[in-house]
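Here, each number is a calculation from the coordinates, and none is a lab measurement. Everything quoted here is computed from the prediction, not taken from an experiment. Virtual Cβ from ideal backbone geometry, glycine too; neighbours counted across all protein chains shown.
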Amino acid sequence: MSVGTTTHRMAQLETGDFISDFIGPLGLPTHIEKFGTVVCVAGGFAVATIMPIARSMQEKGNRVISIMGARNKDLIFWEDELRNVSDELIVTTDDGSYGRKGLVTEPLKELLDGDQKIDRVIAIGPSIMMMACSRTTEPYGIKTIVSLNPIMVDGTGMCGCCRVNVGGETKFACVDGPDFDGHQVDWELLFTRQRSYLEQEKTSFEDWKRQHGF
Ligand code: FES
């Protein structure tokens, strides 16, 4: 989905075009082991991120319950791909146009209240959704891993742009993460830092639109 200057520029690329430099993977890999029952929660486009994690968790012998949520039916994708690597899949949409109506935290809470023992939760998506999932699981004491998405510039630990606070310690999401314990994240700091350049992002996008006749 194109939201600003960079994503619009990328969306305009045609077959045969290229991006001059691409480095990765960066950061630390997601910790995979046999925990027991793992709930993988994906919000929006994070289905693409959670799918290989769900697959690896299942390959390790975990029972994987996946929850994927989107604002509406048009934004649902990779449902079958995620279903194929999950023992159970729950789909939600905010407007009820597909699957269950409501937010991903509702089936998550039902699972936590249910008979099955849940051993770990992995929640990936918009920060607000990851915070909501973390707050849902916290009273149950179930470790919840989130994948933080602060503004990043170099991605190699040099600029400090991706600074987050986890458990009272400063971490760089690009090299120390992106996965962190959601119960330890200072969410307010993350939200504030994500908004740091909103004005500049808006100006940049307005300029780009003017130059490209949008
Ligand atoms: S993006 Fe620069 S230190 Fe993480």
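Here are the numbers for the structure shown:
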item	result
Residues satisfying the stated conditions in region 167-184, i.e. away from the ligand (no atom under 16 Å from the Cβ) and either touching a residue at least 60 places away in the same chain (Cβ under 8 Å) or surrounded by 13 or more Cβ atoms within 10 Å (Cβ to Cβ) (or both)	181, 182, 183, 184
Residues within region 1-40 that are touching a residue at least 12 places away in the same chain (Cβ under 8 Å), of a type in the set (Phe, Trp, Tyr) and loosely packed, with under 11 Cβ neighbours inside 10 Å, tallied	0
Positions within region 57-80 being within 22 Å of residue 31 (Cβ to Cβ) and either touching a helix residue (DSSP H, G or I) at 6+ places or on another chain (Cβ under 7 Å) or surrounded by 14 or more Cβ atoms within 10 Å (Cβ to Cβ) (or both), in sequence order	57, 58, 62, 63, 64, 65, 66, 67, 68
Residue 190 vs. criteria farther than 21 Å from residue 6 by Cα, within 16 Å of the ligand (Cβ to nearest atom), of a type outside the set (Asp, Glu) and buried (at least 17 other Cβ atoms within 10 Å of the Cβ)	yes
Residue in region 131-141 that is away from the ligand (no atom under 16 Å from the Cβ), surrounded by 21 or more Cβ atoms within 10 Å (Cβ to Cβ), not small (Gly, Ala, Ser) and not in a helix (DSSP H, G or I) present	no
Residue in region 100-108 that is within 16 Å of the ligand (Cβ to nearest atom) and in contact (Cβ under 8 Å) with a residue 24 or more places away in the chain present	no
Those residues of region 150-166 which are touching a residue at least 40 places away in the same chain (Cβ under 8 Å) and either more than 6 Å from the ligand (Cβ to nearest atom) or in a strand (DSSP E or B) (or both), in sequence order	150, 151, 156
Residue that is closer than 26 Å to residue 205 by Cβ and not aromatic (Phe, Trp, Tyr), where the choices are 66, 86, 20, 97	20
Condition check for residue 147: small (Gly, Ala, Ser), in contact (Cβ under 8 Å) with a residue 12 or more places away in the chain and within 16 Å of the ligand (Cβ to nearest atom)	yes
